[in-house]
1. Of the residues Phe104, Phe30, Phe53, which single one is open to solvent by less than 80 Å² (accessible area, probe 1.4 Å) and of a type outside the set (Asp, Glu)?
2. Hey, among the residues in segment 109-146 that are open to solvent by 40 Å² or more (accessible area, probe 1.4 Å) and aliphatic (A, V, I, L, M), which one's modelled with the lowest pLDDT?
3. Return the only residue of Pro224, Pro250 being of a type outside the set (A, V, I, L, M, F, W, C), more than 17 Å from Gly97 (Cβ to Cβ) and either touching a strand residue (DSSP E or B) at 6+ places or on another chain (Cβ under 9 Å) or at pLDDT below 90 (or both).
Amino acid sequence: MFRRPALGLAEIAWRWSFAFASALLLTFCFLEYLDTLPVTARDLLFLRSRQPFLISQAAAHILRGSGPRLVAAAIVLVPALAIAWIALASLGRAATGRALLEYFRLSASGLPTDRIAQGARPYRGSFHWRPLLGLNCFRVAATLAAAVGTLAALLLGGAASSDSDPSPGSALLVFLTVVMLVWLAWSVMNWVLSLAGIFAIRDQRDTFDAISAVADLCRVQPGPVFAACTWFGLAHIVAFFVASSIVAFPLAFAGVLPAGVVLGGVLFVTLLYFAAVDFLYLGRLAAFVALLERPAPESIQQSVPSIQPPASLQPPALRPMSDDDILCDIPGIVPPPQTAGS
């Protein structure tokens, strides 16, 4: 994260470019949608009356019959944004993933730091787009499933409280519990699919093989995987609390400073928080790449040559000891000569 900040900037570039383009597109569509709403003189009178009942009546009259147009716009926008994100996320992950592999393979090769800084490229493996496209399609499907799960949580919360026996506390508890479980499952699935992209780039695996490789990594090395997730998760929580504390300063001067200055300060702190989150995300990905690229203990043992002493220092070969050897060690005693018949 600190030695190669360009990788973090590249991660921010492709993520923020999509977010900025999506925000512009959604804002333009919302304004065009507002232009299609009919507003009569009576609606304007009701809106200016500052009476909640009259304002609700005016809003209901304005929005009456606009539901099909909103649904049609969503049918066009959601698939278009999903396809654009799948393509851009595949391109961005291919660029940053290959750069991470190159960096750690350069570090393991023992090249000088200037060669690493100049971007020597030992990674020349072939690359296929289909696995990354498949993984990102699964991520979009998981996000849509989480959105449907949130809607189901809202319906379940409403079913927990009836008109005859209202229980808003139970409804809120059911809603929050289901939403927490849904998005927890989404976060786990999103983590698996995002990490599987590294296996798709590194080993040229297909979509399902890359997902199974993530499961094998968690099974073989659960400790390092848990440590990386824990430490970067704690760093993310710290960044969130720091950003929440800093954003309170411009909000505290909301009654003194102009609204544009306060909004600009809040937006600036929010962007800094998102930038820190993107850097932490890439750092966690780099931790997993380093975990994959480090040599295994058995390969280290095989690569270490066995050290043998020189021949001159090696002890002589042992042979069975005879009586002659024992008598020769006593001075003045010579063994009798053996006769030919003996």
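The values are calculated or read from the model by the stated rules, or taken from the named source; none is laboratory data. All of these numbers come straight from a predicted model, not from anything done at the bench. No Cβ is skipped: glycine too gets one built from the backbone with ideal geometry, and neighbour counts run over all protein chains shown. In case anyone asks, the SASA skips ligands and DNA or RNA and just uses the protein heavy atoms, side chains included. Shrake-Rupley method; radii C 1.70, N 1.55, O 1.52, S 1.80 Å.
1. Of Phe104, Phe30, Phe53, the one residue that is open to solvent by less than 80 Å² (accessible area, probe 1.4 Å) and of a type outside the set (Asp, Glu) is Phe104.
2. This residue is Ala117.
3. Answer to the check: Pro250.
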